[in-house]
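Worksheet: one structure, shown below.
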Amino acid sequence: MPGFSGEWASFSLGALAEIRNGGTPRTTVPEYWDGDIPWCTPTDITAARGRNLVTTARSITAEGLYGSGATLLPKGALLLCSRATVGEVRIASMPVATNQGFKSLVCGDSVDHEYLYYGLLTLKEKMVDLATGSTFLEISKRDVVNIRLLLPPRPEQLAIAAVLTDMDAEIDALERRLGKNRAVKQGMMQQLLTGSIRLPIPDAVAENGSD
């Protein structure tokens, strides 16, 4: 079967997406907190299972959003950690705000957000190399904007993202099954090694014992 034949081109991330900073509402103002806007920190990103962010530990109000310098990112935004855990990224499964440890990407029409997610994964090492700081590493917005990525035509982007998404789903299923098997084994060890469960005598052993 014939494959895609369109030309690939190199683009800066700043040409592919709007890159937004985050912010933190003042913690001394109770009215800014515990609202209905999910508020993401790098800890939420590292705790997220898989590629999607589906929940956050804290939330803020509309007043907190507007008073913090943060922006409300749309569903599908790429939440890119720019501080400490530089280069970690998740896809927002809902509208969300972030703290200042992010340079989040809202994709333009030329790039599929799932394709760009996988592209960012390949750029993590480069981002870490560009990060600076004595207390903790941080990559600047200017450096994120100027990082370049190869981009095929959009139909090929969608095809590539679909293949990688299917592979991720298969890996997730295998990891869940592995975790379940480990839990079963741990429970069985507790039962077997304390005598709570006794095994049946194998036929070969039983036959030898009757001789």
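All of the numbers you see were taken from the coordinates with simple rules; none came from a lab. All figures in this text were calculated on a predicted structure; none of them were measured in a lab. All Cβ positions, even for glycine, are placed from backbone atoms using ideal geometry, and neighbour counts span all protein chains on display.
Things to note:
- Here, the chain has an Rg and a Dmax of 24.1, 86 Å when only alpha carbons are counted.
- Taking F4, F11 and counting other C-beta atoms within 10 Å, the order from fewest to most: F4, F11
- The distance between label points at N146 and I201 comes to 7.9 nm (points 7 Å beyond Cα on the Cα→Cβ vector).
- The long axis of helix 113-122 is offset from the longest Cα principal axis of the chain by roughly 80 degrees.
- Amide H within-cut-off set for I37, under 5 Å, with H built and near neighbours excluded: I60
- Across segment 51-59, computed HN-Hα scalar couplings (Karplus, 6.51 cos²θ - 1.76 cosθ + 1.60, θ = phi - 60°) run 8, 9, 8, 10, 7, 10, 6, 10, 9 Hz from first to last residue, x flagging Gly and Pro.
- Principal-axis tilt of helix 154-192 within the chain, Cα atoms, nearest 10 degrees: 40
- D143, D203 arranged by Cβ crowding within 10 Å, fewest neighbours leading: D203, D143
- Neighbour counts of C-beta atoms inside 10 Å place T46, T98 in the sequence T46, T98, starting with the fewest.
- Taking label positions 7 Å along the Cα-Cβ direction at both Q191 and A9, the computed distance is 6.3 nm, reported to one decimal.
- Computed [θ] at 222 nm, helices only, for the chain once each DSSP H run of length n ≥ 4 contributes -39500 (n - 2.57): -12000 deg cm²/dmol
- Extent of segment 1-109 along its three principal axes (Cα atoms, max minus min coordinate, largest first): 60, 27, 25 Å.
- Sparsely packed loop sites in segment 16-86 (the trypsin sites (Lys or Arg not before Pro) outside DSSP H, G, I, E and B with at most 16 other Cβ atoms within 10 Å) comprise R26, R49, K75.
- Karplus-derived 3J(HN,Hα) values for segment 134-145, using 6.51 cos²θ - 1.76 cosθ + 1.60 with θ = phi - 60°, are 8, 7, 8, 6, 8, 9, 7, 4, 4, 5, 4, 4 Hz; glycine and proline are entered as x.
- Dimensions (Å) - segment 90-211, Cα atoms, principal axes, largest first: 82, 43, 29
- Non-local lysine pairs in the chain, meaning eight or more places apart or on different chains, with alpha-carbon distances under 27 Å, amount to 9.
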